[in-house]
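What follows is a short report on a single structure.
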Amino acid sequence: MSVAAIILAAGQGKRMKAGKNKQFLEVLGKPILAYTIEAFVGTGRFSEYIIVVHPKDEMDIRREILERYFPDIDFKVCQGGLERYNSVYNGLMVLSSKIDKVLIHDGARPLVSHKEIIDSIDILDLEEASVLGVKTKNTYKLVDDQEYIVETIQRNYLYSILTPQSFKKTTIMEAYKKGIKEAQGITDDSMMVEVFGGSKVKIIEGSYENIKITTPEDLLTMKSIIENKKVNEVE
């Protein structure tokens with residue numbers, strides 16, 4: 001089966017306060033987005049890559065990341081939309097007809113592992129949709145509109161959701177085509193399938209290292225994780 005990766009790199013990362021798209025920020029001499037793409041390319045499992053970008057960043061992403069680090073790969077590049085779901089929809093619309101499976105990933109999650117990616121592909125032999133997740137370490141309270149606790153939610157039923165999220169192409173396409181005009185409040189792709197697609201979504205156990213780079217502190221965490229892995233490899 002043919003597999004495509006849609007990598008979302010259209011956000012502006014205002015919380016990073018870097019004055020530019022965080023995808024260009026370097027950690028140990030390499031841009032964040034290059035790490036992300038490298039993880040997918042390294043699995044050898046993809047026949048198509050769609051990179052969704054902000055219009056003002058398109059030429060720089062092509063030149064500084066895609067052409068520099070991956071000169072032998074023929075990427076499809078499309079422009080993002082106002083909201084995340086608009087960007088995903090734009091990416092879905094440029095998939096070729098040969099694609100059977102789709103993985104959708106945040107460009108700002110550069111530490112996704114090969115295992116997480118491969119597990120997300122292989123689960124689609126059995127399921128229509130899946131998401132990576134990690135069990136929450138915190139206790140969560142449900143409150144009412146006056147900020148009084150209504151319920152303490154059982155922690156063993158709670159996951160923090162990561163990406164990639166993976167889908168059979170027909171499943172995700174049908175959900176987006178049905179729901180794109182009513183998608184306000186939809187926060188991720190699995191929710192689009194839950195609300196508009198009618199398919200169950202399977203959780204796959206992910207890694208706590210698969211962090212999303214959002215603030216300057218996350219850059220330090222990323223650097224530390226990479227350096228620790230290098231030390232462990234030497235040992």
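Quick look at the values:
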{"quantity": "Index of the failed condition, Val134 passing every other in (1) more than 16 Å from the chain's Cα centre (by Cα); (2) on the phi < 0 side of the Ramachandran plot", "calculated": "(1)"}
{"quantity": "Single unsatisfied condition, Glu151 versus (1) surrounded by 17 or more Cβ atoms within 10 Å (Cβ to Cβ); (2) part of a strand (DSSP E or B); (3) acidic (Asp, Glu)", "calculated": "(1)"}
{"quantity": "Lys223 vs. criteria open to solvent by 70 Å² or more (accessible area, probe 1.4 Å), over 18 Å from the mean Cα position of the chain (by Cα) and within 19 Å of Leu158 (Cα to Cα)", "calculated": "no"}
{"quantity": "Selection status of Ser87, under 18 Å from Asp188 (Cβ atoms), touching a residue at least 60 places away in the same chain (Cβ under 8 Å) and among the hydroxyl-bearing types (Ser, Thr, Tyr)", "calculated": "yes"}
{"quantity": "Among the residues listed as Thr43, Thr36, the single one being open to solvent by less than 10 Å² (accessible area, probe 1.4 Å) and either at pLDDT 95 or above or in contact with a helix residue (DSSP H, G or I) (Cβ under 7 Å, 6 or more places away or on another chain) (or both)", "calculated": "Thr36"}
{"quantity": "Hits in the stretch 124-135 (condition: of a type in the set (A, V, I, L, M, F, W, C) and surrounded by fewer than 22 Cβ atoms within 10 Å (Cβ to Cβ))", "calculated": "Leu126, Val134"}
{"quantity": "Residue in the stretch 177-191 that is open to solvent by 30 Å² or more (accessible area, probe 1.4 Å), at pLDDT 95 or above and among the polar types (S, T, N, Q) present", "calculated": "no"}
{"quantity": "Residue satisfying all of: in the stretch 156-174; in contact with a strand residue (DSSP E or B) (Cβ under 7 Å, 6 or more places away or on another chain) and part of a helix (DSSP H, G or I); surrounded by the most Cβ atoms within 10 Å (Cβ to Cβ) among these", "calculated": "Ile172"}
{"quantity": "Some residue of the stretch 48-70 being part of a loop (DSSP other than H, G, I, E, B), over 17 Å from Ile203 (Cβ atoms) and either touching a His at 6+ places or on another chain (Cβ under 6 Å) or not small (Gly, Ala, Ser) (or both)", "calculated": "yes"}
{"quantity": "Pick from the stretch 66-123, criterion closer than 12 Å to Val53 by Cα and β-branched (Val, Ile, Thr), ranking: least open to solvent (accessible area, probe 1.4 Å)", "calculated": "Val88"}
{"quantity": "Qualifying residue in the stretch 133-146 (condition: at pLDDT 95 or above, within 30 Å of Lys177 (Cα to Cα) and not in a strand (DSSP E or B))", "calculated": "no"}
{"quantity": "Residue in the stretch 72-125 that is nearest to the chain's Cα centre (by Cα), counting only those that are polar (S, T, N, Q) and outside any helix (DSSP H, G or I)", "calculated": "Ser113"}
{"quantity": "Filter result for Ile204 (farther than 25 Å from Ala10 by Cα, at pLDDT 95 or above and not polar (S, T, N, Q))", "calculated": "yes"}
{"quantity": "Residue within the stretch 9-25 that is open to solvent by 10 Å² or more (accessible area, probe 1.4 Å) and at pLDDT 95 or above present", "calculated": "no"}
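The values are calculated or read from the model by the stated rules, or taken from the named source; none is laboratory data. Everything numeric in this text was worked out from a predicted model, so none of it was measured. We place every Cβ from the backbone using ideal geometry, glycine too, and count neighbours over all the protein chains shown. The area values use the complete protein model at the heavy-atom level, side chains included, leaving out ligands, DNA and RNA. Shrake-Rupley method; radii C 1.70, N 1.55, O 1.52, S 1.80 Å.
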